[in-house]
Amino acid sequence: MSEETIQNVDEMSLKPLAIEGKLPLKAVGIENLREANPKHLPPHRYIHPWFARRPTPASRLAILASVLPKETNTDDLLRWMQIGPKEGVEGKSISEYVENKKANEDSRNGNLEEHYRYPRPFTSSPTGVELEKFHDTLRKYWDGELPKVIDPTAGGGVIPFESLRYGLPTKANELNPVPSVILKVVLEYASEVGTLQSELDYWGEKINNQAKENTKEFFPSCEAGQIPDCYVCTYDITCSSCGTDIPLVPKWWIRTRKSADKVTAKPVIEDDGSISYECLINPNESDFDEFDPGEGTVSRGGNAQCLNCDIVMESDNVKEALREGNFKYDIYAVRYLSNDGSYGFRAPKKTDFEALRHADRIIQSDFKLSTLLNGEIPEGEKTSEPRTYGITQWRDMYSPRQLVAHYELRKVVQQYKPEIYSKYSNKTAEAILSLITLSCSKLLDRNSRLSDWDTSKGYPNPLFKGKNLGFKRSFTDNNIFVGGIDFLSQLDKVCKSYEELCSYIPEKAEQGKVTSLDAANLPYNDCELQAVVTDPPYYSSIMYAELSDIFYVWMREYLGDVFPDLFNSELTNKDNEAVANPSRFENVAGDSSSKRKMANKYYEQKMSDIFSELYRVLETGGVMTVMFTHKETDAWDTLTMSLINSGFIITSTHPITSEMPQRAGMRTSASADSTLLLTGRKPHKERNPENTTPSLWSDVKSDTRTAAKEAARDLIDSGLSLTKTDVIISAFGPTLRVFADAYPVVDDEDNEVAPRRALKEAREAVTQVLVDEYLEAEGIDELDDVTEWYILCWLVHESETFSYDEGHQLGLGIGVDIDEIKRSTKTWRKSRGDISLRGHTDRVQNINEKPEDRSSRIPVNPDDLSFSLALDKVHAAMHIYDVRGESACCDWLRERNFDTDPTFKSTLKALLQVLPHDHDDWDLARDLAAGRTRDVLNLEFSPNVFADENSETKQSKLGDH
Ligand SMILES: C[S@@+](CC[C@H](N)C(=O)[O-])C[C@H]1O[C@@H](n2cnc3c(N)ncnc32)[C@H](O)[C@@H]1O
Ligand SMILES: [Zn+2]
């Protein structure tokens, strides 16, 4: 960041903070990735499911660097962050030490911890001595007091927990009651109540024994010494042709994992036309003669095939049967726990079905059960699918036995409540009941009709695998008082993670304060706080409120009387939620595009209101650091406008690698996705829009380009393992700073210019830097726009698939409307809302077919002598080489004079450098650029162009950690 070049008077008068200087981003990025070891994750992760939890090192850095003075030594900062071995780093800086350890990870002896010689930072808190020094430093900077830190949208609480761990007066706010309970546990109880191990052991045992006794008739043994643990269930509908039951099973496999016995269910048609099941353990080849366990009765599209008459029932009819309740619950395998503690599988028996019917009868005859959770599930953006299958009330999310089991558990907890209150202080009783409730709520996650069966592990899946609620055709019905996923095992997990959290809190820590309000309306006085560190929601990325209702309705049953204020509404608050949820505008908007627009507008206004509120509660000179992972230009535009409008001045941005990419095709890449830390300050002198002279866009434009280019070059040289996309996004920060300093900005006609204009400039400028840095090909910008766009997409995204917005913006930068060229050029297609680039096989007609037999929808005809796009020439050449061989290809190239065509050569050379080496087109590009075709084309390429992706070449420079 070019700090010296962009200073304004306000900023100079603010005492600078560490986050406004150089940060050890690479070392912290390495720690973020090291944290993601699925064998032992930070304890918050086991307390209860919540969305978008951030890594500890990034959160810790955001907090510490936001409150420490700029002159803080980097090694001190890292030591305070518990990064680096306590015994010292042998003359190196800690950053160098960590980077070196990362570079030598593959050649290490022993495990990672032994290799690094210090534990992962989330497991260490600062020592008393470190804390004292840290606090002294802070007091000097913050006028004798420790800075008060708030996270206004705290979710699962990673940020405020870190703040608390450093002994800072910490406030956490969160609108949604589900994470609010988590926050109470993590912040209030962990710091005020402390260990509860023996209390939870005692009450857990009592509750479990009672609930188990009350429900044993629903989980009959069937075999001596075995207790059923999971029933693998599905729905039977009636075949419209022969009347036989059709179970809706996607696959008959029950467990395929290599390290255990393989298990499959096998359907059998009995003489009376009914279906029964066998259970095959380690089936033989002969078992598969006429049976393929991978082929169930339902297709992906939802059609169902009758096992008896083979007729296929259309998915709409299947759906209708389910919606109308014309189905029976069926069990096709049972997992059981043996007396010796081992698990096995068996076929379902008559008694299993009788127990299921018994649960159904009990529900009909018990008033409380028959009306439990009968509230309507509202239409939602990500929660509507189950409704279309007849799941319209919350109770419908459960099979009869699931409902009875969850209800009995809740009844027993309710029964012990008075005793718990009588034995402990109110606060301790609240803590015990909250932890018990979280355990019961965790049980819902793997015991509902939306929790399907993992056929690989042979185990129930959680109900949220993505960010939506989806209907499942087969599901698991568990004995929640016995076996792998029972009440005691969940309580044990919750308890362990709570105890671990307690152990991380320093002795003299202040108590964390939790509020459950709209962040746009906080209960703090003007100028009361010093620092905000927040990870806000992003547009429609996750619909927190509607997704969490499934937990909320049950938590309300458990805790409605414990926290009446928190659970006073029937469902979670969607009206004040800062998300862009189109379904909220269903009845006001005319069509789906206006629904989306209204939702976006609502979100933008809400974020503005939140930032204004944060501005109000911050003291002058106070700081706000926003953690931001969103890549869409609009999100940046909104963020900047809300920050500027609320009065903040943007003082720094930093990219920090935080997780391995989730996007398809990127998982093996050496680069990681990053989180941006964007910092703003509350200036001494408020900006008065009336007195501000607008800047001219023509002046600001070139400054934004310069700032973006400088930032990009710095980032490329920094050695951070950023993806190229993240280099672009990271350059947005300095660009926005220029924009914010010049704000308001107007064009020649005096119209106000939005930040997205500056971001567009930045994107173009940085793309140019990337081309200069990574492409050894002349004349790319002289190629036709479509070919240029295609090459740049591969260069920047290093992947076939990437976000539509990014591809669209890249196109706009060079004058291509990608929607306009989609059909005519077939260079890309939409794949789940993303862009997927097409290779030559999708674009070139098969020359071995007669012209009249070829599909006219395929745009490139290899018989043509001239082509409209340079890309068409190279793709056609690839096809000829592939199907006709080298010699015919030489003739084909000569006939078209490609030996003297610079556009052909630049395109081929560029593709060689940008295509991933496992792409078929790369092999063909390499073949064309070698051997006889090379001679024909008269090519002279340097070895870099063919370089191995993993070697230290220009193309791999960004991915070298
Ligand atoms: C990205 S998540 C925070 C995740 C958190 N940093 C963590 O690591 O667990 C954003 C949170 O903002 C909350 N939220 C949404 N609208 C809000 C509002 N108006 N006021 C307060 N919180 C809100 C959501 O419920 C969600 O939990
Ligand atoms: Zn049939």
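The values are calculated or read from the model by the stated rules, or taken from the named source; none is laboratory data. Remember, it's a predicted structure, so these values are computed and weren't measured experimentally. Note that we place each Cβ from the backbone using ideal geometry, even for glycine, and neighbour counts take in every protein chain shown. For the accessible areas, the whole protein counts, side chains as well, though only heavy atoms, and no ligand, DNA or RNA atoms are used. Shrake-Rupley method; radii C 1.70, N 1.55, O 1.52, S 1.80 Å.
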Quiz prompt | Segment residue 601-residue 468, length gained on full extension (0.36 nm per residue, minus Cα span) | solution = 45.6 nm
Quiz item: Using just the C-alpha positions of region 222-331 as equal point scatterers, what log10 of I(q)/I(0) does the Debye formula give at each q in 0.13, 0.17, 0.21 1/Å?
Solution: -0.54, -0.88, -1.21
Practice problem: May I have the extent of the alpha carbons of region 266-324 along their three principal axes, as whole Å values ordered from largest to smallest? | Solution: 38, 28, 18
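Could you pull out the GluC sites (Glu not before Pro) across region 193-255 that fall in loop regions by DSSP (anything but H, G, I, E, B) with no more than 15 other Cβ atoms inside 10 Å?
223
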Exercise. Let me have the 222 nm mean residue ellipticity of the chain computed from DSSP H runs of 4+ only, each contributing -39500 (n - 2.57), with the sum over all residues rounded to the nearest 500.
Key: -13000 deg cm²/dmol
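Keeping the other protein chains in place, figure out the carbon and sulfur percent of the accessible area of the chain, with a 1.4 Å probe. It would help to have the intermediate numbers written out before the result.
Details: 17040 of 38940 Å².
In the chain, the share of accessible area belonging to carbon and sulfur is 44 percent.
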Self-check item: Derived scalar couplings ³J(HN,Hα) [region 460-471; Karplus, 6.51 cos²θ - 1.76 cosθ + 1.60; whole Hz; x for Gly, Pro]
Solution: x, 8, x, 6, 9, 9, x, 10, 8, 9, x, 6
Quiz item: When all alpha-carbon pairs of region 446-497 are counted, what percent fall beyond 13 Å?
Solution: 61 percent
Quiz prompt | Long-range Cα-Cα pairs in region 1-137 (distance over 28 Å), rounded percent | solution = 25 percent
Quiz item: Dividing the alpha-carbon radius of gyration of region 825-922 by 2.2 N^0.38 Å (N being the number of residues), what value is obtained?
Solution: 1.08
Quiz prompt | Longest to shortest principal axis, alpha-carbon extents of region 321-480, angstrom | solution = 51, 47, 36
Self-check item: Euclidean distance of C-alpha centroids, region 160-195 and region 636-650, integer Å
Solution: 28 Å
Self-check item: Average Cα contact separation per residue, region 15-170, under 8 Å, 6 or more apart, as relative contact order %
Solution: 30 percent
Quiz item: region 456-494: which chymotrypsin sites (Phe, Trp or Tyr not before Pro) are DSSP loop and have at most 12 other beta-carbon atoms within 10 angstrom?
Solution: none
Exercise. Using a 10 Å cut-off on Cβ atoms, rank the peptides 808-818, 267-277 from the highest mean neighbour count down.
Key: 808-818, 267-277
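Cα convex hull of region 215-284: mean projected area in nm², to one decimal?
Values: hull surface 28.9 nm².
One quarter of the hull surface, i.e. the mean projection, equals 7.2 nm².
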Self-check item: Translational diffusion coefficient (Stokes-Einstein; Kirkwood radius from C-alpha pairs) of region 295-352 at 25 °C, 0.890 mPa s, in µm²/s
Solution: 175 µm²/s
Practice problem: Would you please give the residues with an amide H less than 5 Å from that of residue 532, counting only those at least 5 places away or on a separate chain, with H modeled from the backbone geometry? | Solution: 150, 623, 624, 625
Exercise. Please sort by residue number the trypsin sites (Lys or Arg not before Pro) in region 816-849 whose DSSP state is loop and whose Cβ has at most 10 other Cβ atoms within 10 Å.
Key: 832
Self-check item: Within-12-Å neighbourhood charge of residue 171 [Cβ basis; K, R +1; D, E -1]
Solution: -3
Self-check item: Computed accessible area, residue 866, all protein chains, 1.4 angstrom probe, square angstrom
Solution: 90 Å²
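Stretch residue 357-residue 209 to full length: gain in nm at 0.36 nm per residue minus the Cα-Cα span? All intermediate terms of the calculation are to be shown ahead of the outcome.
Working: separation 148, 0.36 × 148 = 53.28 nm, distance 2.39 nm.
That pair, residue 357 and residue 209, stretches by 50.9 nm at full extension.
Once the Cα gyration tensor of the chain is diagonalised, what are the square roots of 5 times its eigenvalues, in whole Å and ordered largest first, as equivalent ellipsoid semi-axes?
On the way: eigenvalues 457, 358, 141 Å².
They are 48, 42, 27 Å, listed largest first.
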Practice problem: Would you mind getting me the FRET efficiency between residue 592 and residue 240? Use the beta-carbon distance for r and R0 = 30 Å, nearest 0.05. | Solution: 0.30
Exercise. List the pair-distance distribution P(r) of region 488-552, using every Cα-Cα distance, as the percent of pairs falling in each 10 Å bin from 0 up to the bin containing the longest distance, rounded to whole percents.
Key: 13, 28, 37, 21, 1
Exercise. State in Å² the accessible area per residue of the chain; use a 1.4 Å probe, count heavy atoms of protein chains only, and round to the nearest integer.
Key: 41 Å²
Practice problem: Return a whole-number percent for the relative contact order of the chain, with Cα pairs under 8 Å and 6 or more residues apart as the contact set. | Solution: 12 percent
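Where Rh is the Kirkwood radius over the Cα pairs of region 508-609, the temperature 10 °C and the viscosity 1.306 mPa s, what D in µm²/s does Stokes-Einstein return? Each step should come with its number before you reach the end.
Details: Rh = 15.9 Å.
Roughly 100 µm²/s, to the nearest whole number.
Just add up the charged neighbours of residue 519: K/R +1, D/E -1, any other residue whose Cβ is under 13 Å from the Cβ of residue 519. Don't skip to the end; give the middle numbers.
Details: positive: 171, 606, 616; negative: 151, 174, 518, 535, 577, 609, 613.
Taking every other residue near residue 519 into account, the sum is -4.
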Quiz prompt | Projected label distance in nm at residue 411 and residue 217, using a 7 Å step from Cα toward the beta-carbon | solution = 1.0 nm
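If you average the sequence gap of Cα pairs under 8 Å that are 6 or more apart and divide by the length of region 261-316, what percent do you get for the contact order? Display every interim value, and only then the final one.
Details: 63 pairs, mean separation 14.1, N = 56.
Contact order relative to length: 25 percent.
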Quiz item: Nearest 0.05, what FRET efficiency do residue 314 and residue 864 give at R0 = 41 Å with Cβ-Cβ as r?
Solution: 0.40
